[in-house]
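Reviewing the structure listed below.
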Amino acid sequence: MKMTTSATELDTQLVARLRLAVSRLARRLRQEAETGVSPSMLSALSSIERLGPCTLGELAAHERIQPPTLTRVVSRLHEDGLVERIPDPTDRRIIRVQLSTQGKSFIQRVRTRKNAYLSRKLRGLDMDELHAIETAVVALERLLEDES
């Protein structure tokens, strides 16, 4: 990156390069995991794990998808034995979803495979590149802070 590049050109170039790199890495991690579930299903599983038992409405809001779409995703996860539907302890009319034992194991296997892939790739970098990635990760986490 040249220091003589204008702020507008820098922003446009940086945004495009970052988007492409993140998209490619995300696609590669999905391929590496070979989960047999869709990205939206995997995202829902991760959110259920993070949120704990939650209603479909809470999960849809967290995932930023429409409730009918989420209902289909959760139904498939339930059919596959990855989530359980449980009644709310204070209001039996409300149903919550949580990871099943099989779902917890599944999420762990997926993470292990993705982490192993990244670990293999990172081993091929030198210390300066690793430091740059560590700095970038901190910045990316800050970018996503308001997304939680």
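Extending 7 Å from the Cα toward the beta-carbon at both Q31 and S100 defines two label points whose distance is 3.1 nm.
With axes computed from alpha carbons, what is the tilt in degrees of helix 127-144 against the longest principal axis of the chain, rounded to the nearest 10 within 0 to 90? For helix 127-144, the angle is close to 50 degrees. Considering only V15, V37, V97, the mean-square fluctuation computed in a Gaussian network model of the chain, springs between alpha carbons under 10 angstrom, is largest for V15.
The charge dipole of the chain, taken about its Cα centre with unit charges on the Cβ atoms of Lys, Arg (+1), Asp and Glu (-1) only, comes to about 560 debye. Comparing S100, S47, S23 in a Gaussian network model of the chain (Cα springs below 10 Å), the most mobile by mean-square fluctuation is S23. Amide H contacts under 5 Å for S100: V83, E84, restricted to partners 5 or more places along the chain or on a different chain, H placed in the peptide plane at 1.01 Å from N. By accessible area, using a 1.4 Å probe on protein heavy atoms only, the chain has 56% of its surface on carbon and sulfur. Length gained on full extension, R113 to D80, computed as 0.36 nm times the residue gap minus the Cα-Cα distance: 9.9 nm. Projecting the Cα atoms of L29, L59, L14 onto the charge dipole of the chain, computed from C-beta unit charges around the Cα centre, puts L29 farthest toward the positive end. The solvent-accessible area of D126, taken with every protein chain present and a 1.4 Å probe, is close to 80 Å².
On a per residue basis, the chain carries 72 Å² of accessible surface, using protein heavy atoms and a 1.4 Å probe.
Computed from Cα positions, the angle between helix 39-51 and the longest principal axis of the chain comes to roughly 70 degrees.
Rolled with a 1.4 Å probe across the full set of protein chains, the surface gives H78 an accessible area near 80 Å².
For the chain, the Kirkwood radius over C-alpha pairs fed into Stokes-Einstein at 20 °C and 1.002 mPa s yields D = 120 µm² per second. Modelled spin-label separation between E129 and T55, with each label point placed 7 Å from Cα along the Cα-to-Cβ direction: 4.9 nm. Listed values for the stretch 22-27 are Karplus-derived 3J(HN,Hα) couplings in whole Hz (6.51 cos²θ - 1.76 cosθ + 1.60, θ = phi - 60°), namely 5, 4, 5, 5, 4, 4, and x replaces Gly and Pro.
The values are calculated or read from the model by the stated rules, or taken from the named source; none is laboratory data. The shown structure was predicted, so the numbers you read here are calculated from the model rather than taken from an experiment. Counting neighbours? That spans all protein chains shown, and the Cβs are built from the backbone with ideal geometry, glycine included. All accessible areas refer to the heavy atoms of the entire protein, side chains included, with ligands and DNA or RNA removed. Shrake-Rupley method; radii C 1.70, N 1.55, O 1.52, S 1.80 Å.
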